[in-house]
Each structure stands twice: as C-alpha cells, then as structure tokens.
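Here's the structure we're looking at; comments come further down.
Rule-based calculations on the coordinates, nothing more; no lab input. Everything quoted here is computed from the prediction, not taken from an experiment. Cβ placement follows ideal geometry from the backbone for every residue including glycine, while neighbour counts extend to all protein chains displayed.
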Amino acid sequence: MSLAALQKRMAAALMQPLGPGDKLAPDADVSYIKPNDRLTSRERLEIYSISYWYRLLDSLYEDFPGLRAVIGQRAFHKLSKAYLTDRPSQSFTMRDLGSRLGEWLRENPEHAGARLDLALDMIRLEWAHIEAFDSAAEKVLGPEDLLELGPAMRIGVQPYIRLLALHYPVDDLRIRVNSEVEEHDAVSNAVHKRKAHRLVSRIAKLKPEDIFVAVHRLEFTVYYRRLAPEEFRLLEALRRGQPIGKAMDAALEDSAVPLGELRKLVETWFAIWAELGWLCHPPKGHRHA
C-alpha cells in the first residue's frame with residue numbers, strides 16, 4: 001500500500017462518526033494498524049479518532065456560545081454531533097466548520113425545538129461574527145476622498161462588514177452570554193448557577209423584535225452596531241455598487257422621518273462610517289457601472 005493510500009484510508013476512519021459511547025465506530029477498518037504491547041489496533045486508532053471528533057466539537061462549542069444558551073447545553077451537544085455527521089468538515093481550517101450550520105438547521109428544525117427562529121438568528125449573528133473577525137479589508141477612504149460626495153459618486157463598504165436584518169435582539173443576548181462566559185472563571189459555582197438561571201429565564205421571555213445590525217471589527221475586536229432601517233438600506237445599496245444618489249433614493253424614499261431630519265441623519269451616518277473606517281473604494285466592477 002502506498003503512503004498516499006494509507007493516509008486516505010486512515011483519514012476516512014478518523015472522520016467516520018463515533019459510535020456508541022463516543023468510541024470508534026464498530027465497523028471501522030483497523031486491519032492496517034499494528035498493535036503494540038499495550039494497545040490493540042482498534043485502541044490505537046481510537047485515540048486519534050476521539051481526539052479528532054472532540055476537537056471539532058470543541059470548535060463548534062467555542063464558536064457558538066449564543067446558540068448554546070438559546071437551545072441548552074444538551075441539545076447543543078446533540079445538534080453538533082448530528083451536524084458534523086451530515087456536514088463533515090471540507091476545509092483545511094476549523095474556522096469554516098459552522099459555515100453551513102444555519103442551512104442544516106433549517107433542514108433539521110427538531111434540534112432547536114420551539115426556538116428555531118431565535119436559534120437561526122443567533123447562528124446568523126455568530127457566523128457573521130466569525131467572518132467579520134478575519135475577512136479582507138480594503139484601503140480606507142480618507143477625508144480627502146469624501147470632500148465632494150456627489151450623487152454620481154460610488155463608494156464601497158468594507159468587505160468584512162456583515163449587514164443583518166434580524167427578527168430577535170440576539171445582539172444584546174450574545175453580549176450578555178459573552179459576559180457570562182468571561183465571568184465564569186472568576187466567580188463561585190453557586191454564583192454562576194444563579195446567573196445562568198437568570199439568563200435562561202431571560203431567553204425564555206425574549207420577544208420578537210425586528211432589528212438591523214452591522215457586525216464589524218475595530219482593532220481586532222468584533223462589535224455589533226444597531227442601525228436604523230434607512231441606514232441599513234443605504235449601506236446595502238452602496239455595497240451593491242449603486243451611486244450615492246440612487247442609493248439614497250432607494251434607502252430613504254419610504255421613510256417616515258421628515259426630510260430635514262433625514263438630511264442630518266445621513267450626514268451623521270457618513271461621519272460615523274468614515275470614523276469607523278467602513279468606507280472604501282468600490283470593487284473595480286462597480287466603479288464605472
């Protein structure tokens with residue numbers, strides 16, 4: 001057997017879902033693994049199989065604390081195993097592990113129970129969090145580039161920014177969950193249990209609320225910024241490559257905000273975007289569209 005064939009054979013065995021009791025699958029082929037004086041062939045391969053699967057489960061656990069809080073620890077563990085079985089890793093990096101989780105949960109809604117819509121919103125936010133952290137950034141437009149914002153001018157929005165229209169205030173919930181996680185090691189188990197109980201109660205009482213959120217980063221930290229509906233639509237239009245004039249018409253035409261107030265808001269938004277470094281040159285295909 002060639003080295004490449006041996007590697008593929010072993011990789012297939014390692015990536016085969018674990019069997020009962022989180023052990024190596026009963027039908028795993030171990031005939032090519034030599035035993036030693038302490039471990040059988042199955043036991044040797046099992047060490048690597050369990051390590052591989054536990055690392056994947058740990059990665060999902062770390063990436064989706066908000067989803068864990070929404071559906072509960074036990075349900076999350078079952079969801080993770082089922083998801084990884086149906087959607088095994090296809091990337092060299094575990095960063096991409098949760099990229100298909102929202103799509104999968106829509107096809108397998110029983111794993112979220114009565115909180116499916118809330119869970120889907122949280123997954124969208126948490127995946128956006130991952131993407132915003134390490135996606136590409138373009139050169140920021142400077143003050144000199146923004147002196148004359150004419151209606152025909154096109155500007156871009158940084159590619160790492162994720163614009164989300166959500167049905168639950170999961171941004172506030174995720175921040176609270178993060179705070180609970182960070183405090184866990186600093187407080188007693190009794191205090192942590194009380195806080196966890198309050199968080200569960202808060203989630204149970206969470207009401208639907210349509211919100212718009214920009215997930216962005218600043219100096220290697222990810223932030224969530226609530227947007228007005230008009231601000232959200234304007235950013236989306238600019239990202240699609242529309243010139244400023246058309247983007248503003250599309251974003252503001254149905255607004256109930258008085259025109260004079262809208263003008264002030266738009267000026268404020270552009271100032272904030274510029275300060276945060278959100279604005280950049282548009283992609284080449286949009287510059288002369």
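Of Lys139/Lys264; Lys139/Lys284; Lys81/Lys207; Lys205/Lys264, which sit over 25 Å apart, Cα to Cα?
Lys139/Lys264; Lys81/Lys207; Lys205/Lys264
Taking the chain as a Gaussian network, where each spring joins two C-alpha atoms under 10 Å apart, which residue of Trp127, Trp278, Trp53 fluctuates the most?
Residue with maximal mean-square fluctuation among Trp127, Trp278, Trp53: Trp53.
Most exposed first by the Cβ proxy, i.e. fewest other Cβ within 10 Å, how do Asp145, Asp254 rank?
Lowest to highest Cβ neighbour count: Asp254, Asp145.
Of the listed values (i) 6, 22, 25, 21, 16, 8, 3, 1, 0; (ii) 7, 30, 36, 22, 6, 0; (iii) 7, 32, 40, 19, 2, 0, identify the label whose number matches P(r) over Cα pairs in 10 Å bins from 0, in percent calculated from this model.
(i)
Output the Cα-based Rg and Dmax of region 47-97 in Å, rounding Rg to one decimal and Dmax to a whole number.
10.9, 32
Any chance you could check the Cα centroid distance between region 199-224 and region 141-174 for me, in angstrom?
The distance from the Cα centre of region 199-224 to that of region 141-174 comes to 18 Å.
In a GNM of the chain with a 10 Å cut-off on Cα contacts, which of Pro169, Pro109, Pro35 has the highest mean-square fluctuation?
Comparing Pro169, Pro109, Pro35 in a Gaussian network model of the chain, the most mobile one is Pro35.
Considering the options Leu147, Ser49, Leu60, tell which one lies farthest towards the positive end of the dipole of region 3-157, charges being +1 on Lys and Arg and -1 on Asp and Glu at the Cβ, about the Cα centre.
Selected residue: Ser49.
Rank the residues Phe220, Phe212 as a footprinting-exposure proxy: fewest other Cβ atoms within 10 Å of their Cβ go first.
Numbers: Phe220 7, Phe212 19.
Ranking Phe220, Phe212 by Cβ neighbours within 10 Å, fewest first, gives Phe220, Phe212.
Around Pro88, with a cut-off of 15 angstrom between Cβ atoms, what is the net charge of the other residues, counting Lys and Arg +1 and Asp and Glu -1?
Numbers: positive: Lys8, Arg55, Lys81, Arg87, Arg100; negative: Asp86, Asp96, Glu103.
My count for the surroundings of Pro88 gives +2.
Report the per residue volume, in Å³, of the convex hull enclosing the C-alpha atoms of region 1-67.
Numbers: hull volume 7.2 nm³, N = 67.
Residue-normalised Cα hull volume stands at 107 Å³.
Which of the helices in the chain meet the span-like rule: DSSP H, Cα axial reach of 24 Å or more, Kyte-Doolittle mean at least 0.0? Kindly include the intermediate steps, with their values, before the conclusion.
On the way: long enough: 41-63 (34 Å, -0.70); 116-134 (28 Å, 0.43); 259-276 (25 Å, 0.47).
Span-like helices here: 116-134, 259-276.
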